[in-house]
1. Amide H of THR46 versus every other amide H placed in the peptide plane: which residues, excluding those fewer than 5 positions away on the same chain, fall under 5 Å?
2. For the pair ASP52 and ASP17, how long in nm is the line joining their label points, each one 7 Å along Cα→Cβ?
3. Work out from phi, with θ = phi - 60° and the Karplus expression 6.51 cos²θ - 1.76 cosθ + 1.60, the ³J(HN,Hα) of each residue of region 55-66, listed in order in whole Hz, and give x for Gly and Pro.
4. How large is ³J(HN,Hα), in whole Hz, for each residue of region 28-33 in order, when computed from phi with the Karplus curve 6.51 cos²θ - 1.76 cosθ + 1.60 and θ = phi - 60°, using x for Gly and Pro?
5. Output ³J(HN,Hα) for region 44-52: one whole-Hz value per residue in order, computed from phi by the Karplus curve 6.51 cos²θ - 1.76 cosθ + 1.60 with θ = phi - 60°, and x for Gly and Pro.
6. Under the definition of Cα pairs under 8 Å and six or more residues apart, what whole-number percent is the relative contact order of region 4-106?
7. Taking 0.36 nm per intervening residue step and subtracting the Cα-Cα distance, what contour gain separates GLU81 from ASP97 on full extension?
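Each reported figure results from applying straightforward, stated rules to the coordinates on display, with no laboratory input. Bear in mind that the values here come from a model prediction, so they are computed numbers and not experimental data. So basically every Cβ, Gly included, is an ideal-geometry build from the backbone, and we count neighbours across all protein chains shown.
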Amino acid sequence: MASIRNAAQNILPEARDGIGWIALWKEGRGWNTAAFWPDYDGKTDTLTFDNDDIPEILEILEQDPNAIIVNSWIHNLGPVEEATRETLAEALRWQYDLQHARIADYMEDGTSYVVVSGIDYLGKAPIMEQAVGAAKTAAKKGTPVDVVKLRNDGGTVRIRRVRYLPDGSVRKLWEEVQKGAKS
């Protein structure tokens, strides 16, 4: 279990650099951070993550659906060139408490992220259908397949983990539904 100061120390170089995005999330009573470099569209206020980042993003959101992602310049983390682990920890905690920069809120409406047995799918409905089809096919071969879905529907974010079983049944393992924090 890491303190928020230790989590801030781990990400301090990226915060000082100012071009990366910092994810902050709780795991139990501890804090974690990770750096990402998504494409940001300032007009729509959305982020597009690299396909390689999607499994980690989904894992973060499963641990903490209120996880945030902030950029040093856009989210006013203070004078970043002079940041210390204490000042960064304080700024990150302030942003987390505000909940205006939730990772899930940065997804474009109607976009889905899906992970099926290590294969990433990103896109709108046809991609989702392909992902589910691949999971069902793999499960019929005798191995249960877990599918994690993250979808933003007009501000309502749904995160779900389901398991497709060899007998054709589906078991919902976990689900989180939240209204977006952005106005």
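1. Excluding prolines and chain starts, which carry no amide H, the hits are ASP41.
2. That separation, rounded to one decimal, is 1.3 nm.
3. Running phi through 6.51 cos²θ - 1.76 cosθ + 1.60 with θ = phi - 60° gives x, 5, 4, 5, 4, 4, 5, 5, 6, 8, x, 9 Hz.
4. Residue by residue, region 28-33 yields x, 9, x, 10, 9, 9 Hz.
5. In residue order, the calculated couplings are 9, 6, 10, 10, 10, 8, 5, 4, 5 Hz.
6. Numbers: 164 pairs, mean separation 36.3, N = 103.
Averaging sequence separation for qualifying contacts and normalising by length gives 35 percent for region 4-106.
7. Values: separation 16, 0.36 × 16 = 5.76 nm, distance 2.35 nm.
Roughly 3.4 nm would be gained on extension.
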